[in-house]
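Just below is one structure, and these are the notes that go with it.
Nothing in this text is a laboratory measurement; each read-out follows from the coordinates by a stated rule. Keep in mind it's a predicted model, so treat the numbers as computed, not measured. A quick note on method: Cβ atoms are made from the backbone with ideal geometry, for glycine too, and the neighbour counts reach across all protein chains shown.
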Amino acid sequence: MIRYELTCRKDHRFEGWFASSAAYDAQAEAGEIACPVCNSKKIAKAPMAPSVAKTGSIKASTKALTPAAMRAALVELRRHVETNAEHVGENFADEARAIHHGEAEDRPIYGDATPEEGEALAEEGINVARIPWVPVGDA
Ligand SMILES: [Zn+2]
C-alpha cells in the first residue's frame, strides 16, 4: 500500500491509501477520488516532503495566501530549515529517536522518513512534522 497526501483545487489536504501508484492514477482518472471536505474530484498529489524534528521555531502560515505567496512562504520555510537544521537524510527516524532519548545531541534535524517511520515516531511521542518541500530555483 502507498499513502499519498492529496490536495483538491481548494487546497484541502487529505490522505489516501492506494495499492500502487498505478492504482492511484487509475482511480484519479476515473474520478473515484473525492475531497472529503468539499467533494471535489479535481485532486492532485501533494508534494512529498521530508520531516522535521523540533519545529518549535518553524511556523508556516498558509492561510489566505495566493499560490505565489504560498510558494514563497514554502521556499522561505525550506531555506529556514536548511539554514537551521542538520540534514540527516535517510537516518532521520533513527536520529530523531536518538535525540528524543538523549543519546544524541539535541539539535534541529531534517531528512527523509517513510510514512510508516513517521507514524512510529508519533506513536513514541516524538514530535516530527511533515512539510511541503518545494524545489528552489525554478520559476
Ligand atoms: Zn476540497
**Report entry** Net charge, Asn39 excluded, C-beta distance under 12 Å - Lys, Arg +1, Asp, Glu -1
**Finding:** +4
Report summary line: Mean shadow area (nm²) of the C-alpha convex hull around the stretch 66-134 is 4.9
Query raised in the report: Extension gain His87-Ser40, at 0.36 nm per residue separation less the Cα-Cα distance, in nm?
Result: 13.2 nm
Query - Compactness index (Cα Rg / 2.2 N^0.38 Å), the stretch 2-45 - result: 1.01
Query raised in the report: Can you give the FRET efficiency for Glu32 and Asn127, using 1/(1 + (r/R0)^6), R0 = 30 Å, r = Cβ-Cβ distance, to the nearest 0.05?
Result: 0.30
